[in-house]
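Scroll down for the structure; my scribbles are underneath it.
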Amino acid sequence: MLAALVAVLALGVVASASASAALPEFSGTFPDTFESTGNLTIKTVGGQSIRCFNSTTQKGEITAAKTAALALTFTECEGTGGKLLTDTCKTSGAKEAEIKTATLEGKPVSLNKGREIGIVWAPKGGGDVAVVECSGYKVPVETLTIKGSVIATELKPANASTTEFRLALNETKGVQEATEYETEGKKVKAILETEGAGHEAFSPEQTGFGSSAASITAAKATEVKAALASTGLPEFTGSGGEEIAYPREFKASTGGSASFWIETFPWNFREATVTGEITGPNEVADVVLKFKGASPAAYGCTSNGLEGEAGELVTNDVIGRLGYLNKTAKTVGLLLEAPGGVIAKCSGYQLGSQEILGSVIGKLTAVAGGHSFALEFKKGGKGEEQEFTKFEGEEATHQLENYWVPNKKHGKMSMGTSGLGFETSKVTELKA
């Protein structure tokens, strides 16, 4: 349903292969509160649709190892399709154009044969998710009763202690991205249905919730422990292909240099390092890039409000996954992005406040010896694009973006590094 519900799924899950038969679990100190924002779309397979263009800050709570609670409020809601081409939609007792759900209880679950973690949400104690009334100039009241349960997907990162998580709530023409989850070797269906009464009654129709928001912030650092299955090659493995106990920390092995470009204007740094953790066969998390020695200092953009020192740019914790740049040549890339959307904040004497947004792909190469990896980001030949903007076989493109806060101006940016690398404490292979 909303980023918010996706949100909570961010906070903790099953621990090891020996416990993989059990459901995922939240790991941390309970209760743990979280916040999320986002708009909402509700669509049925019969073509009915509602869109809420705004939301208040959603607040929820992880209440125990396998439960969380969340009630959602959305504003500026209106009927946008099917029998619901109306002025406004609201729940009983709510303000005009405001939809509130019942208190939902969440349970962390395994999806896609263990390759992914999600959370299934259903009304606490049973009952309806929401009863919505829509009306307009030429449309008498239409009452919609929404029942069932919904699965939020793509909880990331797993196996890393953090307060920022990325999540997803997607639907296509009324069908949720995930409509079943796995528990103890069995598949369990979880779907929403909407029934219409009043102006034009209609029988229950399968329903999907969608949200544009993709992150949540927890009050306390929480780990999502999960025995993730590999999504396939490329992947990290232990020596000789043995399974890795996650997380596996990596630290900077070689320092390098780095530059960022906005249009043709560069920010140059004399030093660059990367640290983080391998958190699954195909994933990394808690990745921090540090860039030191801004040059020229008067024009460089350096960290503000983070842990950065003068002349230093430090990213927030970012997450990443492996993919092929060229499958035939077995060339592997590493995609990095921030769960909360903002990779880094900085400011400069001439530049004012800036935010680095988006995502970026670098070339990842294993170095002989089994402990070290080289990570290279390279500017492409066109403007501010990277050398690599997508993985082979995938449609999604990835690009860094600069947001100039004073002028609220967005623009493409690119990043280049030289000599950047990291090493693991134990032998780690990159299998392609």
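The values are calculated or read from the model by the stated rules, or taken from the named source; none is laboratory data. As the structure is a prediction and not an experimental result, all values here were calculated from the model. With ideal geometry, Cβ positions are generated from the backbone for all residues, glycine too; neighbour counts draw on all protein chains shown.
Got a sec? Which of 165, 209 is farther than 30 Å from residue 249 by Cβ, in contact (Cβ under 8 Å) with a residue 60 or more places away in the chain and either buried (at least 21 other Cβ atoms within 10 Å of the Cβ) or not charged (D, E, K, R) (or both)?
Values: 165 fails: farther than 30 Å from residue 249 by Cβ.
One residue alone meets the criteria, 209.
In region 38-48, is there at least one residue being farther than 28 Å from residue 97 by Cβ and in contact with a Lys or Arg (Cβ under 8 Å, 6 or more places away or on another chain)?
Looking for residues that are farther than 28 Å from residue 97 by Cβ and in contact with a Lys or Arg (Cβ under 8 Å, 6 or more places away or on another chain), one finds none in region 38-48, hence no.
Looking at region 385-400, can you tell me whether even one residue there is farther than 12 Å from residue 359 by Cβ, crowded, with 19+ Cβ neighbours inside 10 Å and in the same structural domain as residue 372 (by TED's automatic domain parsing)?
no
Find the residue count for region 175-191, including only residues that are aliphatic (A, V, I, L, M), in a loop (DSSP other than H, G, I, E, B) and either under 20 Å from the mean Cα position of the chain (by Cα) or surrounded by fewer than 16 Cβ atoms within 10 Å (Cβ to Cβ) (or both). Let's see the steps before the verdict.
Of the residues in region 175-191, the ones aliphatic (A, V, I, L, M) are 175, 178, 188, 190-191.
Imposing the further condition that a residue be in a loop (DSSP other than H, G, I, E, B) reduces the set to 178, 190-191.
Now restrict to residues that are either under 20 Å from the mean Cα position of the chain (by Cα) or surrounded by fewer than 16 Cβ atoms within 10 Å (Cβ to Cβ) (or both): 178.
Number of matching residues: 1.
Scan region 74-90 residue by residue and report those that are part of a strand (DSSP E or B), surrounded by fewer than 21 Cβ atoms within 10 Å (Cβ to Cβ) and in contact with an Asp or Glu (Cβ under 7 Å, 6 or more places away or on another chain). Quick ask: steps written out before the conclusion?
So the first thing to find is which residues in region 74-90 are part of a strand (DSSP E or B), and the list is 74-81, 88-90.
Pick out the ones that are also surrounded by fewer than 21 Cβ atoms within 10 Å (Cβ to Cβ) and you get 75-76, 78, 80-81, 88, 90.
Correct list: 75, 78, 88, 90.
For residue 102, which of the numbered conditions (1) within 19 Å of residue 189 (Cβ to Cβ); (2) assigned to a loop (DSSP other than H, G, I, E, B) fails to hold?
The number of the failed condition is (1).
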